[in-house]
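Sending over a structure as structure tokens; questions will come in a sec.
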Amino acid sequence: MSHKESWRDFVVANVDGGVLDGVVTRVLPFGAFVEVAQGLEGLLPTVGGTGPLAAGASVAVRLDKLDVQNRRFSLTLA
């Protein structure tokens with residue numbers, strides 16, 4: 001499956017906003033990148049009260065904003 005197909009399949013399967021299990025891959029001052037599918041990472045912005053996240057941590061998230069044209073998405077804690 002190509003990256004384009006995996007992106008399209010991911011969007012179709014998750015556009016309803018269901019809970020996704022992800023793994024934190026990188027933590028930056030403005031948030032954490034969470035891999036929710038093979039090769040697909042979204043940004044979980046730092047929000048007051050969410051607590052610190054560490055790389056490798058498992059986290060339950062939902063799609064928040066989806067930018068289909070640029071193949072980017074942001075997440076929120078589930």
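Every number here is computed from the coordinates shown, using simple stated rules; none is lab data. All values derive from a computational prediction rather than experimental measurement. Ideal geometry is used to build each Cβ from the backbone, glycine not excepted, and the neighbour counts take in all protein chains shown.
Out of residues 5 or more away from Ala78 or on other chains, whose amide H comes under 5 Å of its own, with H placed 1.01 Å from N in the peptide plane?
Ala60, Val61, Arg62
So what is the calculated 222 nm ellipticity per residue for the chain, using -39500 (n - 2.57) for each DSSP H run with n of 4 or more, over all residues, to the nearest 500 deg cm²/dmol?
Counting only the DSSP helices, I get -5000 deg cm²/dmol.
Net charge within 14 Å of Leu75 by Cβ-Cβ distance, Lys/Arg positive one each and Asp/Glu negative one each, not counting Leu75 itself?
Around Leu75, the charge tally is -1.
Rounding to the nearest 10 and keeping the result within 0 to 90°, find how far the Cα-based axis of helix 3-14 lies from the longest principal axis of the chain.
With rounding to tens, the tilt is 70 degrees.
With 20 Å as the cut-off, how large is the P(r) tail for the chain, expressed as percent of Cα-Cα pairs?
Everything past 20 Å amounts to 25 percent.
Using amide H atoms built in the peptide plane, which far-off residues or other-chain residues are under 5 Å from Ala32 H to H?
Long-range HN contacts for Ala32: Leu44, Thr46.
Need the full-extension length gain, Ala37 to Arg8, defined as separation in residues times 0.36 nm minus the C-alpha distance. One decimal, nm.
Gain on extension, Ala37 to Arg8, equals 9.2 nm.
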